[in-house]
Every structure is written in C-alpha cells, then in structure tokens.
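Peer 1: I am attaching a structure below and will ask some questions about it afterwards.
The values are calculated or read from the model by the stated rules, or taken from the named source; none is laboratory data. What you are looking at is a predicted structure, and each value in this text was computed from that prediction instead of being measured. Glycine also receives a Cβ, built like all others from the backbone with ideal geometry; neighbour counts cover every protein chain displayed.
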Ligand code: CP
Ligand code: NVA
C-alpha cells in the first residue's frame, strides 16, 4: 500500500492514522514497530528542512534506521531510471519516501516497488503535511468533520490540492480562494468533491479571499512561489496574489476562535504578515512538530505495524 495522494487513505484509515499519531505524541518513545532495525529510504529531489528532519527522527524513534539520500548525489541524478531505483531499493528497505517534481514520478516508483512508497511532496500534492495539519486542527478543536478550512493564495499548488483532497476525506468544508490563473486543477477539485460526498464535507472554489475567510474555523496559506516554479515569475505572482495575503484584516473575518496554518517556510510580508504568523493565533509551530508524529503513524500504518 502506497501513500501518493491524500485520498489513498480512506476516511477510516485517515482517522486511524490520526488516532495513532495522537497516541505516539502522548507517549513518544513507546512505539518501535521498525525495530530490527528496518531501514526507510528518504529521497530528495528538492530542498527540505522539516520533511528531512521529521522522517529521519521519526524512523529512528520507531526503532528503524533512516537512510536520507539527496537524489542528485545518487545515480538517479545521472539518469538511472526510476523503475530500476525502485527495484534496487525495495529489495533492501522497508519503505521509500520521496520528495520530487511531477506526481507521475512517485507513481512510477510505486508501480515498480515491492514496498510502500510515500509522497513527501510533489508539484501536485503534499499529503504528509495535510496529515500533520489535520492532527493540529483536531488537537485545537477536538474534531474535524464539519469544520470550515479556508485556504487563500496560490490555489494551483501542492498545498491547495492536498487541502482540497485530504480535507474532503476528513469531512471538512474546504474553501480555496485564488485569482484567475492560480485556481486549483479541476480534476483534483472533482476528486475532492467525490470524496466530500462520502464524508459530509464540501468544496468551494472562489476568487474572493474575503468570502472564503468569512466565519472560517481555520485559515491557511502557503508560499506564492513553490519549489520548481520559475523564480522569474515571482513579480507577476506577487502582484496577482497580494490581495490574498493572510493578514489581520482577513483573519478578522474568520471565526473568533479561528487559527492560522502555514506549512513553512513562510515569507513574511508576502503570503502572510509577521503579525499573524508570529502572533497568538498561529499554529505553524505545532504543524511543524506534528509532521513527526503524523508520519510515524503513517509509516506504522503502511507497514501494518502499529505496535
Ligand atoms: N513544510 C515542509 O514540507 O517543509 P520542508 O520543505 O522544510 O520539508
Ligand atoms: N508549496 C510549497 C510547499 C513547501 C513545503 C513548495 O512546493 O515549495
């Protein structure tokens, strides 16, 4: 079983992972399902701080051994096929975690792998982050289904897509606000609508940040220039997205109890103001910590080893 996008977990499985993540957070060193140690390969085609650290620490805490590889330094960086890499790795490791470019690359790895493959971020999805974010929301509110999450900013990036899909699986009412040209992939919106139909959630895409934020329980955003995007586009992106900044005025439209999610790294003064991300309603640091707990639970779930 692989975890390549958010709806690879059924609503029941997603909840089981979140329950286990809470248990693992409460008793951090009690679960050692990777004792042996079993090895987990963690591969990076793009930079990372949180994902790199949380998988390395998490695998070690589960009793396993993390093998963190920058793909550029491996034969993959010289063009060895993904399928051959999958065959070689999956004879030796218990799971493969990979941050890369197109979604088709993790799909190719999974198709040729005998062991679970985990998407540690692609251009299209960031499903591990959404598990950590759902854990964070649950900790603060005690529930998920029925809450409204408004994501404001670049609606066409991995975080927007994973909030749509993973949020729908969790039964959230997900609103995405972005300008024309930055709207989510319609195929992913449709997949999220299908998931929401089964969980009582809903999906709404709008060009109005104010409308999306109105009464929301959770307000989320992400960088306006994602890894792999052309830095030369930055000025045009900033101009188009500035009306979608998460600032005190936008937050004032959300519920009085609302808090703010940002997966980090944050660019203060662009997608979010310093006042908000460094303020009392920011949940960013809990999110970053919960990457550890959520991913430990995910690995235990995928390896059928919750112990
Ligand atoms: N949020 C996140 O995935 O951070 P990194 O890019 O530092 O891993
Ligand atoms: N959308 C961002 C997320 C970083 C964790 C990116 O892909 O760069």
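Peer 1: How many of the residues making up the stretch 117-152 are in a loop (DSSP other than H, G, I, E, B) and under 18 Å from residue 291 (Cβ atoms)?
Peer 2: Summing the residues that are in a loop (DSSP other than H, G, I, E, B) and under 18 Å from residue 291 (Cβ atoms) in the stretch 117-152 gives 6.
Peer 1: Also, I was wondering about something else. Give just the number: which of (1) more than 20 Å from the chain's Cα centre (by Cα); (2) in contact (Cβ under 8 Å) with a residue 40 or more places away in the chain does residue 106 not satisfy?
Peer 2: Status for residue 106: all satisfied but (1).
Peer 1: Another question about this same structure. Going residue by residue through the stretch 162-181, is there one that turns out to be more than 24 Å from residue 299 (Cβ to Cβ) and within 14 Å of the chain's Cα centre (by Cα)?
Peer 2: yes
Peer 1: Examine the stretch 188-211 for a residue that is in the same structural domain as residue 135 (by the TED database) and within 16 Å of ligand 2 (Cβ to nearest atom), and state whether such a residue exists.
Peer 2: yes
Peer 1: Also, quick follow-up: Which residue out of 100, 49 is within 22 Å of the chain's Cα centre (by Cα) and either in the same structural domain as residue 264 (by the TED database) or surrounded by fewer than 17 Cβ atoms within 10 Å (Cβ to Cβ) (or both)?
Peer 2: Going through 100, 49 in turn, the sole match is 49.
Peer 1: Still on this model: Which is under 24 Å from residue 300 (Cβ atoms) and either under 15 Å from the mean Cα position of the chain (by Cα) or within 16 Å of ligand 1 (Cβ to nearest atom) (or both), of 199, 122?
Peer 2: Just one listed residue meets the conditions, 122.
Peer 1: Can you tell me which residues in the stretch 34-58 are touching a helix residue (DSSP H, G or I) at 6+ places or on another chain (Cβ under 7 Å), away from ligand 2 (no atom under 16 Å from the Cβ) and either part of a helix (DSSP H, G or I) or over 20 Å from residue 111 (Cβ atoms) (or both)?
Peer 2: 34, 57, 58
Peer 1: Output yes when any residue across the stretch 219-227 is in a strand (DSSP E or B) and within 16 Å of ligand 1 (Cβ to nearest atom), and no when none is.
Peer 2: Looking through the stretch 219-227, at least one residue is in a strand (DSSP E or B) and within 16 Å of ligand 1 (Cβ to nearest atom).
Peer 1: Quickly run through the stretch 59-78 and pick out the residues that are over 15 Å from residue 120 (Cβ atoms) and either in a helix (DSSP H, G or I) or within 16 Å of ligand 1 (Cβ to nearest atom) (or both).
Peer 2: Selection gives 60, 61, 72, 73, 75, 77, 78.
Peer 1: So for the stretch 141-161 (the condition being within 23 Å of residue 41 (Cα to Cα) and crowded, with 23+ Cβ neighbours inside 10 Å), does at least one residue qualify?
Peer 2: Checked against the condition, which is being within 23 Å of residue 41 (Cα to Cα) and crowded, with 23+ Cβ neighbours inside 10 Å, the stretch 141-161 yields at least one hit.
Peer 1: Right, something else. Would you check which residues across the stretch 136-178 are on the phi > 0 side of the Ramachandran plot and within 16 Å of ligand 2 (Cβ to nearest atom) and list them?
Peer 2: 153
Peer 1: State yes or no: is residue 86 touching a helix residue (DSSP H, G or I) at 6+ places or on another chain (Cβ under 8 Å) and not in a strand (DSSP E or B)?
Peer 2: The answer is yes for residue 86.
Peer 1: What tally of residues in the stretch 67-92 results from selecting those that are buried (at least 20 other Cβ atoms within 10 Å of the Cβ) and under 11 Å from residue 40 (Cβ atoms)?
Peer 2: Residues flagged as buried (at least 20 other Cβ atoms within 10 Å of the Cβ) and under 11 Å from residue 40 (Cβ atoms) within the stretch 67-92 amount to 1.
Peer 1: Being over 20 Å from residue 152 (Cα atoms), in contact (Cβ under 8 Å) with a residue 40 or more places away in the chain, surrounded by fewer than 22 Cβ atoms within 10 Å (Cβ to Cβ) and in contact with a helix residue (DSSP H, G or I) (Cβ under 9 Å, 6 or more places away or on another chain) is the requirement here; does residue 301 meet it?
Peer 2: Against the criterion (over 20 Å from residue 152 (Cα atoms), in contact (Cβ under 8 Å) with a residue 40 or more places away in the chain, surrounded by fewer than 22 Cβ atoms within 10 Å (Cβ to Cβ) and in contact with a helix residue (DSSP H, G or I) (Cβ under 9 Å, 6 or more places away or on another chain)), residue 301 qualifies.
Peer 1: Which of (1) away from ligand 2 (no atom under 16 Å from the Cβ); (2) in a loop (DSSP other than H, G, I, E, B); (3) crowded, with 24+ Cβ neighbours inside 10 Å is the odd one out, the single condition residue 181 does not satisfy?
Peer 2: Evaluating residue 181 over (1) away from ligand 2 (no atom under 16 Å from the Cβ); (2) in a loop (DSSP other than H, G, I, E, B); (3) crowded, with 24+ Cβ neighbours inside 10 Å leaves (3) as the failure.
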